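Nothing in this text is a laboratory measurement; each read-out follows from the coordinates by a stated rule. Note that this is a predicted model, so its numbers are computed, not measured. Cβ sites come from the backbone with ideal geometry, for glycine too, and all protein chains shown count toward neighbours.
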Amino acid sequence: MCKKAFDKTHCFDFYIVGIGNHSKPIISKEVLLLIQNTSVFSGGKRHYKLVKSILPKKHTWIEISGRMDVVLLKYGEYKLPIMIFASGDPFFYGFGNTLKRYMPEAKIKSFPYFNSIQRLCQKTTIDYSLLRSVSVHGRSWSALDIALIHEEPLIGVLTDNKKTPAAIAARLLKYGFDNYKITVGEELDGENEKINTYDLIECKFLTHQNLNCVLLERKFAKNSFFGIPDAEFISLPNRSNMITKMPIRLSTLNALQLKNAVTFWDIGSCTGSVAIEAKKHFPHLDIIAFEKREECGEIIQKNKEQFSAPGIKVVIDDFFDLNLSEYPTPDVVFIGGHGNRLKEMIHKVYALNPSVRFVTNAVKETTSSTFINELTQLEYSIDSMNIQVNEHNKITIHSAVKK
């Protein structure tokens, strides 16, 4: 444990040099000259192995590993410029961004190399003008899910030792993104470089070297619904009508106003139709679907896979028994079911975020009156719209926004 705090006001100078995986690094004359006039260097173990032979005999190396506060304290022991070696482009999911985050006032000069995804595109002669790059390295699947739901034509992925090419292929197959092929670049620029293109099914069962990145190329665009037909959803056995009908669903999405939201809760999700429709239209959303009935867990998961909607967290439990502080605080909540405890539910959610947007679909007059009365008392503005689909009951969509 460090005993002194890091002084963020101290003025530091850093040179960040991006390198490839060549046994003999490709270094410009300008950087070589800087190296000869620098005595303090930093980077990972792999970087040190690659550049050690070109460093001055008398030099100090600060290894970047473990806790960043420890690394920064070591940097603080030196008043001279520090040269940091990084992989590829230091500002492409790289150490340059980390350094700026921790030391926003630091003076930094960057000497980038191709990042790994650019190198893979170059080596496979792929036009990457439409490339969407994402990282799952030490991160969630979220960025990849968003790119896939948007059906990006070319996606570059930075992997790690858990989210491997095989795991990526398996996820794409699970959620119906079988219209992509996968190219894996291993040990790019190194002695063991390998580049291969696979079908997803083949890749799912393969093992690759740890240092790799991936390109996903869309083979064809799939037809997509603007509003998923009700009959396409897997429903509760013998209860096919227990689903928010498509015209109601789309009108509900309009009332939810999710474009600028971050976290959306679908309470009483049942088959997951509203959560799935929301994810398809707004893939950036962090969505949590709450449902009490245990049998709905499998139904929602199957519907997520069928409609290519990964990234929705499903919680199967009684909403009133949950410690809601354990979940991301919602910006918007849709109440699809409340078990005749609507008043209690409203106040339970309101306690978490007094400016949360509420939307519900009411069939019973008691639901409408409770929603309007409680939220009016909480100083919300209420907007209501009536819709009837075919012979089904008339639905009133209520939305409530804090004044």
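Here r is the Cβ-Cβ distance between Phe320 and Ala170 and R0 is 51 Å; the resulting FRET efficiency, rounded to 0.05, is 0.90. Given R0 = 56 Å, the distance between the Cβ atoms of Lys49 and Glu379 translates into a calculated FRET efficiency of 0.35. The length gained on full extension between Val262 and Asn179, counted as 0.36 nm times the residue separation minus their Cα-Cα distance, comes to 27.0 nm. Report D for segment 105-210 in µm² per second (integer): Stokes-Einstein, Kirkwood Rh on Cα pairs, 10 °C, 1.306 mPa s. Rounded, D is 107 µm²/s. In this simple spin-label model, placing a label point 7 Å from the Cα along the Cα-to-Cβ direction at both Lys109 and Lys348 gives a separation of 6.0 nm. As a quick test, which of the pairs Lys100/Lys259; Lys49/Lys109; Lys181/Lys304 have an alpha carbon distance above 25 angstrom in this structure? Table pairs above 25 Å Cα-Cα are Lys100/Lys259. Translational diffusion of segment 1-128, estimated by Stokes-Einstein from the Kirkwood radius over alpha carbon pairs at 25 °C in a medium of 0.890 mPa s, is 159 µm² per second.
The stretch between Asn238 and His281, if pulled fully straight at 0.36 nm per residue, gains 12.6 nm over its current Cα-Cα span. The fewest-to-most ranking of Arg357, Arg101 by surrounding Cβ atoms within 10 Å reads Arg101, Arg357. Projected onto planes of every orientation and averaged, the convex hull of the alpha-carbon atoms in the chain covers 24.7 nm². The modelled label-to-label distance for the pair His137/Thr207, using points 7 Å beyond Cα in the direction of Cβ, is 2.3 nm. The value obtained for segment 177-232, namely the Cα convex hull volume divided by the number of residues, is 112 Å³ per residue. Beta bridges per DSSP, both residues in the chain: antiparallel share near 45 percent. Note on segment 236-300: Cα Rg divided by 2.2 N^0.38 Å, N the number of residues, gives 1.10. Neighbour counting of Cβ atoms within 10 Å sorts the residues Thr366, Thr207, Thr252, fewest neighbours leading, into Thr207, Thr366, Thr252.
Report, in deg cm²/dmol and to the nearest 500, the calculated mean residue ellipticity at 222 nm for the chain, where each DSSP H run with n ≥ 4 adds -39500 (n - 2.57) and the sum is divided by the residue count.
My calculation for the chain gives -8000 deg cm²/dmol from helical runs alone.
Given segment 230-402, report the % of alpha carbon pairs whose separation exceeds 26 Å.
Of all Cα-Cα pairs in segment 230-402, 22 percent lie more than 26 Å apart.
For the chain, the longest principal axis of the C-alpha atoms and the axis of helix 295-306 are separated by about 60°. Can you say what percent of the DSSP beta bridges in segment 230-402, counting only those with both residues inside, are antiparallel? Round to 5. Bridges in segment 230-402 that DSSP calls antiparallel: roughly 45 percent.
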